[in-house]
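Worksheet: one structure, shown below.
The values are calculated or read from the model by the stated rules, or taken from the named source; none is laboratory data. Because the structure is a prediction, the values reported are computed rather than measured. Glycine also receives a Cβ, built like all others from the backbone with ideal geometry; neighbour counts cover every protein chain displayed. To get the accessible areas, we keep the full protein, side chains included, count just its heavy atoms, and leave off ligands, DNA and RNA. Shrake-Rupley method; radii C 1.70, N 1.55, O 1.52, S 1.80 Å.
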Amino acid sequence: MTEEVLEFIAEYKLNPQHFFNANGQTLTDEIKDQMRSEEKIFAFNTSTCGNGHNIKSRSGHCIVCEPKNIHFTLINFNEGFVYIAASTKGKVIKIGATSNIEKREKYLNEKKGYGNFNDWKILHYVKCPKMGYNEGNIQKILDRFRERDIPYYIGNELKYSNEMFRISYQKAFTTFTEYFTDTKYQSKQLEKDLSKYKFMNLPK
C-alpha cells in the first residue's frame, strides 16, 4: 500500500484487511467476485477516477471523491439490526437496517417523519451480520409492493423514500421468518398488540 492509501485508511478508521490490491485494473465483475470470495470491501491501486484517485468501493465508486460511500458500503457488511416498522397514518411498512435499534425509532419520527409520517413504531427486528445485504435481499423479495421515490424533507433537505411497502405486518413478518429460516440470529417482537397493523397487501 502507498502512503496515500495508508493515510486514507487511518483518516477514516478503516480496516486494512478489508482492502484488495487491484494491480491497476478496472473493477470488472471477475475482480468483484474475487473480492467477494476474499471478503474484501474496498479496492486500492485500481484504474483511476476522473480526479486521479484509485481507491474505490467494491461497487466501483470512488470513496475519495465521495466519502459518504464508505458509510453506505459498510452498512452492507457490518453486524446490526434488520427491522420491520409500521405507520398507521400511512398504512405502510418500512423494512430497514440500523446499527442502533434503540435510537432508530426516534430518528424515523423526527421533524415531519420518514416518508412524511411521524408515527413509526418498530415492531420486530433480527440482529444479524451483513445487515445491509440482508435488508436489501428482503426488500427485493417484497419489491412489487414497494412505494418508490416518495419525497420528504428532513429539515430543509429533500430526500426520497424507497423503503416503504404496502403490506401488512404479517406479510413482512412471514417474509422475515422464511428468509432467516435455519439461522440462529437473535430476533425480537417489540409490540404485543399487532391488530392495528393488518394493512392491505397492495402490489404495484
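Residues checked against (1) part of a helix (DSSP H, G or I); (2) without any contact (Cβ under 8 Å) to a residue 40 or more places away in the chain; (3) within 15 Å of LYS159 (Cα to Cα); (4) open to solvent by 10 Å² or more (accessible area, probe 1.4 Å):
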| site | (1), (2), (3), (4) |
| --- | --- |
| ALA97 | no, yes, no, yes |
| GLU102 | yes, yes, no, yes |
| LYS106 | yes, yes, no, yes |
| TYR133 | yes, no, no, yes |
| GLY136 | yes, no, no, yes |
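Give the residue, chosen from GLU178, GLU157, that is more than 13 Å from GLY90 (Cα to Cα), surrounded by fewer than 12 Cβ atoms within 10 Å (Cβ to Cβ) and at pLDDT 95 or above.
GLU178
Quick check on LYS112: is it out of contact with any His (no Cβ under 8 Å at 6 or more places or on another chain), open to solvent by 80 Å² or more (accessible area, probe 1.4 Å) and either part of a loop (DSSP other than H, G, I, E, B) or in contact (Cβ under 8 Å) with a residue 60 or more places away in the chain (or both)?
It is true that LYS112 is out of contact with any His (no Cβ under 8 Å at 6 or more places or on another chain), open to solvent by 80 Å² or more (accessible area, probe 1.4 Å) and either part of a loop (DSSP other than H, G, I, E, B) or in contact (Cβ under 8 Å) with a residue 60 or more places away in the chain (or both).
Out of TYR169, TYR153, TYR197, which single residue is among the aromatic types (Phe, Trp, Tyr), over 20 Å from CYS128 (Cβ atoms) and in contact with a helix residue (DSSP H, G or I) (Cβ under 7 Å, 6 or more places away or on another chain)?
TYR197
Regarding GLY50, is this residue modelled with pLDDT under 95, under 27 Å from ASN21 (Cβ atoms) and in contact with a Gly (Cβ under 9 Å, 6 or more places away or on another chain)?
no
Return the pair list, or none, for Cβ contacts closer than 6 Å from residues in the range 21-49 that are open to solvent by 70 Å² or more (accessible area, probe 1.4 Å) to residues that are not in a loop (DSSP other than H, G, I, E, B), at least 6 apart or on different chains.
From residues that are open to solvent by 70 Å² or more (accessible area, probe 1.4 Å), there are no pairs.
If you go through the range 58-72, how many residues are open to solvent by less than 40 Å² (accessible area, probe 1.4 Å) and either of a type outside the set (S, T, N, Q) or at pLDDT 95 or above (or both)?
Residues that pass the stated criteria total 4.
For the range 73-83, indicate whether the set of residues that are over 29 Å from LYS184 (Cα atoms) and surrounded by fewer than 20 Cβ atoms within 10 Å (Cβ to Cβ) is non-empty.
No; the residues of the range 73-83 include none that is over 29 Å from LYS184 (Cα atoms) and surrounded by fewer than 20 Cβ atoms within 10 Å (Cβ to Cβ).
Given the criterion part of a loop (DSSP other than H, G, I, E, B), among the charged types (D, E, K, R) and surrounded by fewer than 19 Cβ atoms within 10 Å (Cβ to Cβ), identify the matching residue among LYS204, LYS140.
LYS204
Using the structure shown, decide if LYS89 is modelled with pLDDT of 95 or more, open to solvent by 50 Å² or more (accessible area, probe 1.4 Å) and not in a helix (DSSP H, G or I).
So LYS89 fits the description; yes.
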